[in-house]
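Chemist: Have a look at this one.
The values are calculated or read from the model by the stated rules, or taken from the named source; none is laboratory data. Keep in mind the model is a prediction, meaning the values are calculated, not measured. So basically every Cβ, Gly included, is an ideal-geometry build from the backbone, and we count neighbours across all protein chains shown.
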Amino acid sequence: MALFGNAHRVDNSEAQKEFARLFGQGEQVHAAYQLVRDTFLFTDRRLILVDKQGITGKKTEYHSIPYRSITHFAVETAGTFDLDAELKIWVSGAAMPISKNFTKGVDIYEVQALLTQFVAR
């Protein structure tokens, strides 16, 4: 688990085991990122956002976004004073983007490349 904002990449096989109940038959994790309490899962079919809620983090919301529903996305890199990178994903039918902050430890360019790979299919 990441503490104090240190985001990191999670081993694909570990993520496959931990979130196995979320996947359809044959669905495979291609990349996973832990962001404090939230997790991003890039599978061969969709992007899954795991959002831990509340003080204890026992309540969890799972956002399943088929890649074909992503209309566009944007990344904002970290700056000198603003140390977080930000990812915004616009989904068809939603006016506002899904926005997540990536702290040091995650290569936002790698995340962008993954989205480009899957959304462009």
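Chemist: Where in region 32-121 are there strands (runs of 3 or more DSSP E), lying wholly inside it, with at least 3 residues that are over 11 Å from the mean Cα position of the chain (by Cα)?
Modeler: The qualifying strands (runs of 3 or more DSSP E) are 59-66, 70-76, 85-91.
Chemist: Please go through region 54-87 and give me each residue that is among the charged types (D, E, K, R) and modelled with pLDDT under 90, ordered by number.
Modeler: Lys58, Lys59, Glu76, Asp82, Asp84, Glu86
Chemist: Report the residue count in region 108-119 for those that are in contact with a helix residue (DSSP H, G or I) (Cβ under 9 Å, 6 or more places away or on another chain) and either loosely packed, with under 11 Cβ neighbours inside 10 Å or without any contact (Cβ under 8 Å) to a residue 60 or more places away in the chain (or both).
Modeler: Count: 1.
Chemist: Further question: Being without any contact (Cβ under 8 Å) to a residue 24 or more places away in the chain, surrounded by 12 or more Cβ atoms within 10 Å (Cβ to Cβ) and in contact with a helix residue (DSSP H, G or I) (Cβ under 6 Å, 6 or more places away or on another chain) is the filter here, so list the residues in region 47-106 that pass it.
Modeler: Passing the criteria: only Ala85.
Chemist: Same structure, new question: Among the numbered criteria (1) free of Cβ contacts under 8 Å to residues at least 24 places away in the same chain; (2) over 19 Å from Leu87 (Cα atoms); (3) surrounded by 18 or more Cβ atoms within 10 Å (Cβ to Cβ); (4) not polar (S, T, N, Q), which one does Gly24 miss?
Modeler: Result: Gly24 passes all but (3).
Chemist: What are the residues in region 27-43 that are touching a residue at least 40 places away in the same chain (Cβ under 8 Å) and either buried (at least 20 other Cβ atoms within 10 Å of the Cβ) or of a type outside the set (A, V, I, L, M) (or both), if any? So that I can check it myself, show each step before the final result.
Modeler: To start, the set of residues in region 27-43 that are touching a residue at least 40 places away in the same chain (Cβ under 8 Å) comprises 30-31, 33, 35-36, 38, 40, 42.
Hits for region 27-43 are His30, Tyr33, Leu35, Asp38, Phe40, Phe42.
Chemist: Further question: Could you grab me the full set of residues in region 61-93 that are in contact with an Asp or Glu (Cβ under 7 Å, 6 or more places away or on another chain) and farther than 22 Å from Ala113 by Cβ?
Modeler: Glu61
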